[in-house]
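The values are calculated or read from the model by the stated rules, or taken from the named source; none is laboratory data. All values derive from a computational prediction rather than experimental measurement. Quick reminder, even Gly has a Cβ in these numbers, built from the backbone with ideal geometry, and neighbours come from all protein chains shown.
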Amino acid sequence: MNTYKWLLKREFWEHKGGFFWTPAVIGALMTLFLAVSMTIGLTMKSRHGMQINGEQVTNLGHLVSPEQKAEVVEAISNGYIATSAPLFFVMAFVVFFFCLGTLFDERKDRSVLFWKSLPISDRDTVVSKALGALVVAPVIAIAAAMITILGFMAFISLVVLIHGGNPYTLLWGPSNPLSVLAHLIASIPVYAVWALPTVGWLMLCSAWARSKPFLWAVMIPVFAGIFVSWFDIMGLFNMESGWFWGHIVGRSLLSAVPGGWLTLLDVDHVQNPEQLGSLLDVGRSYAVFLKPEMWIGAVAGVAMLVGAIRLRRWRDDN
């Protein structure tokens, strides 16, 4: 465990720009953008009041209707998603290019010779890199998202105070940002299992490719999808070509995007933006573990990580 601790620290130090500074900068920009947007919006509506549940409200302290309070809470919950979504999409890009370059770059700059001279196995090295993508990156993204959400809530609280409301009873109590943090942390195991196919495939290409790993990683599944569609190979199994694009090509390249597992679940109830907050439900996310597609993809991802371990052991670009 101590070995993995230092290997994870190594990955963080070597990729601090992507793991730490990128979400930090995006979070700061999101907070600034939300503050400026709300300031402009409130300035424009200051003379006419705010419309909540179809009624004009100039003093938030007068919100006594349950419908009005429910609308405010729903708006805050949707604000959580709007605030954190860019951070998680950026995290997906960071994970994608981290996995794609991590085993290729060490061969390119010959640093692999130094690391192989240490008493650290190829298995431990590859597993630590995978954990960096599957655990470290989402943990840092969640921390950045929560800091951004708290900044957003602090600014909203100031607005509520200015308009005569009580921030605790109107915002912090009903919306409960700590429960959002608990939901995000609880979703890390779901993300780790869901992202295994993409992480495994990208690291396999990173260990195998002698040059241009990005082209190999993208071209192989895409051209395989084109080949399958062109010759209607899935028709031999009474299946549509779309199945191959969704379950093979999509899972190979896009599983690093958080929330992608919701495509396996029934989310038809989300008909409008006001219902986006229900997507944070942990029970709904954990239901994906009952889907065979989840575990088939995880097994495929582990198999590709095993292949990356063996390739790192024997790959020699000389």
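In a loop (DSSP other than H, G, I, E, B), surrounded by 14 or more Cβ atoms within 10 Å (Cβ to Cβ) and either assigned by TED's automatic domain parsing to the domain that holds GLY225 or at pLDDT below 90 (or both): is that true of VAL249 in this structure?
Numbers: in a loop (DSSP other than H, G, I, E, B): no; surrounded by 14 or more Cβ atoms within 10 Å (Cβ to Cβ): yes; either assigned by TED's automatic domain parsing to the domain that holds GLY225 or at pLDDT below 90 (or both): yes.
Considered against the rule, which asks whether it is in a loop (DSSP other than H, G, I, E, B), surrounded by 14 or more Cβ atoms within 10 Å (Cβ to Cβ) and either assigned by TED's automatic domain parsing to the domain that holds GLY225 or at pLDDT below 90 (or both), VAL249 comes out as no.
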### Summary
Considering residues that are surrounded by fewer than 19 Cβ atoms within 10 Å (Cβ to Cβ) and over 17 Å from GLY79 (Cβ atoms), the number found within segment 136-167 is 6
## Note on the structure
Scanning segment 219-241 for residues that are exposed (fewer than 15 other Cβ atoms within 10 Å of the Cβ) and polar (S, T, N, Q) gives ASN238
#### Entry: segment 147-177, residues that are within 20 Å of the chain's Cα centre (by Cα) and of a type in the set (S, T, N, Q)
THR148
### Task
Could you check, for segment 265-275, whether at least one of its residues is exposed (fewer than 13 other Cβ atoms within 10 Å of the Cβ) and modelled with pLDDT of 75 or more?
no
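Tell me which residues, restricted to segment 178-205, are within 17 Å of the chain's Cα centre (by Cα) and of a type in the set (Gly, Ala, Ser). Full working, then the answer.
Filtering segment 178-205 for residues within 17 Å of the chain's Cα centre (by Cα) gives 180-200, 202.
Within segment 178-205, ALA182, ALA186, SER187, ALA192, ALA195, GLY200 meet the criteria.
Checking the conditions here, which among PHE114, PHE89, PHE96 is aromatic (Phe, Trp, Tyr), surrounded by 19 or more Cβ atoms within 10 Å (Cβ to Cβ) and either at pLDDT 65 or above or touching a Cys at 6+ places or on another chain (Cβ under 6 Å) (or both)?
Working: PHE114 fails: surrounded by 19 or more Cβ atoms within 10 Å (Cβ to Cβ); PHE89 fails: surrounded by 19 or more Cβ atoms within 10 Å (Cβ to Cβ).
Only one candidate passes the filter, namely PHE96.
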